[in-house]
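The values are calculated or read from the model by the stated rules, or taken from the named source; none is laboratory data. Predicted, not measured: the structure shown is a model, and the values here were computed from it. Cβ placement follows ideal geometry from the backbone for every residue including glycine, while neighbour counts extend to all protein chains displayed. What goes into the accessible areas is simple: the full protein's heavy atoms, side chains included, and nothing from ligands, DNA or RNA. Shrake-Rupley method; radii C 1.70, N 1.55, O 1.52, S 1.80 Å.
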Amino acid sequence: MTLLQLKILLEIERQSLNVSAAAKALNTSQPGVSRQIRTLERDLGISLLVRKKNRIVAFSSVGQTILVVAKSLLNQAENIELLAQEARGGPGKLVVATTHLHARYTLLRPFKALQKKYPQIRMFLFQADPNDIPKLVSEHQADIGLNTSDEERNYPDSVACLAGDVMRRSVIMLPMHPLAKKKSLTIRDLASHPLVGYNPKSSAGSTIARAFEQNGIVPNVIVQANDSDVIKAYVAEGLGIGIVPAAILDRRLDTHLHSIDVTDLFPHSSMNILIRKDMHLRSYVRDFIQMIAPTSKHVVRKRQFNKV
């Protein structure tokens, strides 16, 4: 039994039992993948996969159990490599999966600061759907995930969630807007004016829509956008008001907009940093987490998480 064989087994699961896709992901040939799996099954003396006419249709019962152990072994093998790199002072890498909001407004400065502090580190950041981020971390496609949630999610067992600060929300409008005269607002105030909002299928959009619904109010939504910059642009043209994360507002550049804090009108959302529970955290990873959320509470499903 080799680590390569275990990696192939894991990749077959990731690719929904498609051997060709697994071979492509591993930069090898389909016959080579099939040969390695059959060799593993022969050495173990059991069938790991269920086949029908040479087509894989499922993992066998024992194959599913072995797959769980294989994932743990591969995680530890990766940690050994990380420890060795750290001991010899070798370069490392950091892959971050996040949403548009955090890529644009939360991570830009920490990403730049980390690159300056650790110029030898290969860094890569990519935007992903919020619902895909936990899986990307769990399956080693990202070292760190960053998203926002207003509820406790059922993350994969292998993923730890470090809860950060509550995300502040603001209503934005032109300075001459009628609501700009008020110091505080209600849900009914917001519903009395055209709303430039988020797509209701998005995390932010569903949170805002749920607050209106719970109050029995139907807002006058005139725009459904996928990102905050679109909302700011339409509000700047006087077409309505917008409800956005306070983090997107720039005091130097957004002087044409007036904002009022409305955090307490909506379910509180927090920034979540996702990492694998058994991942060895090199110094640059710890520093990056500290840069993102210096006051984060290290919690995993309401349990205390060992401080990183």
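Key figures for this structure:
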item	result
Value in Å of the Kirkwood radius, where region 38-181 supplies the Cα pairs that are averaged	19.4
Under the Debye formula (equal points on every Cα, no solvent term), log10 I(q)/I(0) of the chain at q = 0.12 Å⁻¹	-0.90
Point-to-point label distance, Gln120-Arg51, nm (Cα→Cβ direction, 7 Å offset)	4.7
Folded to 0 to 90 degrees: helix 203-214 orientation relative to the chain principal axis, Cα	50
Largest to smallest principal axis extent of the C-alpha atoms in region 42-97, angstrom	50, 28, 17
Percent antiparallel among DSSP beta bridges (both partners in region 150-294, rounded to 5)	70
Calculated diffusion of region 1-54, Stokes-Einstein form, Kirkwood radius summed over Cα pairs, 10 °C and 1.306 mPa s, µm²/s	143
Assigned charges on the beta-carbon of Lys, Arg, Asp, Glu; the chain dipole about Cα centre (debye)	560
Distance from region 156-209 to region 259-287 (C-alpha centre basis), Å	18
Ile217-Asp129 FRET efficiency (beta carbon distance; Förster radius 30 Å; 0.05 resolution)	0.55
Positive minus negative residues near Asp227 (Lys, Arg vs Asp, Glu; Cβ under 14 Å)	+1
Rg and Dmax [Cα atoms of region 137-253; Å; Rg one decimal, Dmax integer]	16.4, 51
Probe 1.4 Å, all protein chains present, accessible-area order of Thr106, Thr207, Thr186, largest first	Thr186, Thr106, Thr207
Charge dipole magnitude, Cβ of K and R +1, D and E -1 - region 1-152, Cα centre, debye nearest 20	640
Net lengthening on full extension, Leu73/Lys24 (0.36 nm per residue, minus Cα-Cα)	15.4 nm
Shape of region 214-275, Cα gyration tensor, a/c cut at 1.5	oblate
Residues in region 218-243 reached by a label modelled at Leu108 [backbone nitrogen below 12 Å; 7 Å Cα→Cβ]	229
Modelled FRET efficiency - R0 51 Å, Arg210 with Arg35, Cβ distances, 0.05 increments	0.45
Simple label model, 7 Å out from Cα along Cβ direction - Ser283 to Glu139, nm	3.4
Computed over the chain: relative contact order in percent, which uses C-alpha pairs under 8 Å that are six or more apart	21
Residues with amide H under 5 Å from that of Ser170, placed H, sequence gap 5 or more	Val244, Ala246, Val262
